[in-house]
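Bear in mind that the values in this text are calculations on the coordinates, not laboratory data. On a predicted model such as this, the values are computed, not experimentally measured, just so you know. All Cβ positions, glycine included, derive from the backbone under ideal geometry; neighbour counts span all protein chains shown.
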């Protein structure tokens with residue numbers, strides 16, 4: 001079981017840059033140090049940053065700041081082919097820091113870029129993302145250089161077109177302390193949500209009041225503490241449903257629901273179907289191709305399949321371009 005929702009990004013090919021294509025049914029609340037750019041290649045879903053929801057569809061571009069709590073979800077009542085397939089670029093805040101020192105302390109004001117800029121400018125960014133990813137996945141003899149060139153243009157585009165704030169060193173220090181506190185809280189909940197867990201215990205652990213801790217949840221996650229814990233239990237149910245040997249009763253107890261009726265109520269509330277019906281949906285999703293998967297709700301495509309999705313998208317949106 002994955003205990004911590006703090007994503008540690010590994011750079012397999014190019015230092016400070018990571019590219020992948022992911023089919024997402026549910027990416028629960030998590031944070032990482034990297035700036036994240038996403039281009040929706042197909043399907044639709046919702047990006048949730050703190051308490052704000054942004055609906056996304058094919059062709060949309062979104063941006064997640066460094067250490068910003070976020071989640072990506074899809075309606076489980078939809079068919080698997082409607083789940084969003086997203087081209088994701090993760091940019092370390094150390095990328096080009098020798099030339100752009102402010103990249104480490106920049107906070108962009110926009111999440112859904114597609115709603116903030118006219119189509120022609122979004123097309124510029126979309127093509128740069130496709131170009132960078134095509135060379136990254138293509139891995140020609142000079143793929144690192146050919147990937148970094150459009151990436152520098154992408155950063156230039158963001159600084160030129162997206163409103164942003166460069167925070168001071170004191171603000172950065174406070175932000176880092178706040179981010180570390182959120183990481184600790186998330187880690188504690190992730191490690192203990194299967195059992196009884198109380199807001200007062202976490203407040204005591206952090207040396208803060210229950211009232212202030214409640215504010216942290218509503219301001220960063222857009223839900224109450226108890227709602228957040230129930231969401232974690234719901235997400236664990238989804239993960240365990242990928243194991244066909246476990247009964248729904250076992251899944252209910254192992255996820256922290258003291259009564260299966262609570263699990264049933266949660267599923268009806270969140271996805272409009274019973275746990276049994278949702279499990280059937282997940283089983284259908286697991287038959288899509290043989291690419292690697294994360295749990296039962298995410299799939300990261302291999303290089304060849306990622307390139308196929310990128311080329312298909314480019315051919316549909318930019319038939320006149322050679323990408």
Taking 305, 151 and counting other C-beta atoms within 10 Å, the order from fewest to most: 305, 151
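Can you give the calculated 222 nm mean residue ellipticity of the chain, where each DSSP H run of n ≥ 4 adds -39,500 (n - 2.57) and the sum is split over every residue, rounded to the nearest 500 deg cm²/dmol?
Values: 11 runs with 148 residues, N = 323.
One gets -14500 deg cm²/dmol as the mean residue ellipticity at 222 nm.
Using the number of other C-beta atoms within 10 angstrom as an exposure proxy, rank 266, 273 with the fewest first. Don't skip to the end; give the middle numbers.
Values: 266 19, 273 15.
Going from least to most buried by this count: 273, 266.
Stretch residue 119-residue 277 to full length: gain in nm at 0.36 nm per residue minus the Cα-Cα span?
Values: separation 158, 0.36 × 158 = 56.88 nm, distance 3.93 nm.
Between residue 119 and residue 277, full extension yields an extra 53.0 nm.
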Given points 7 Å out from each Cα along the Cα-Cβ axis, report the residue 268 to residue 249 separation in nanometres with one decimal. 2.1
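Please state the relative contact order of the chain as a whole percent: Cα pairs under 8 Å, 6+ residues apart?
Working: 493 pairs, mean separation 65.2, N = 323.
So the answer I get is 20 percent.
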In degrees, nearest 10, range 0 to 90: what is the angle between the Cα axis of helix 275-285 and the longest Cα principal axis of the chain? 30
Quick one: work out Rg over Rh on the C-alpha atoms of the range 138-280, Rh as Kirkwood radius. 1.14
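Is the shape of the range 76-190 rounded, prolate or oblate, going by the alpha carbon gyration tensor and its root eigenvalues a ≥ b ≥ c, with a/c under 1.5 for rounded and a/b larger than b/c for prolate? Each step should come with its number before you reach the end.
Details: a/c = 1.57, a/b = 1.19, b/c = 1.32.
Here the range 76-190 falls in the oblate category.
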Virtual spin-label span in nm between residue 55 and residue 204, 7 Å along Cα→Cβ: 4.5
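Please give the per residue volume of the convex hull enclosing the alpha carbon atoms of the chain, rounded to a whole number of Å³. Walk me through the numbers on the way to the answer.
Details: hull volume 43.0 nm³, N = 323.
Given the Cα convex hull of the chain, per-residue volume reads 133 Å³.
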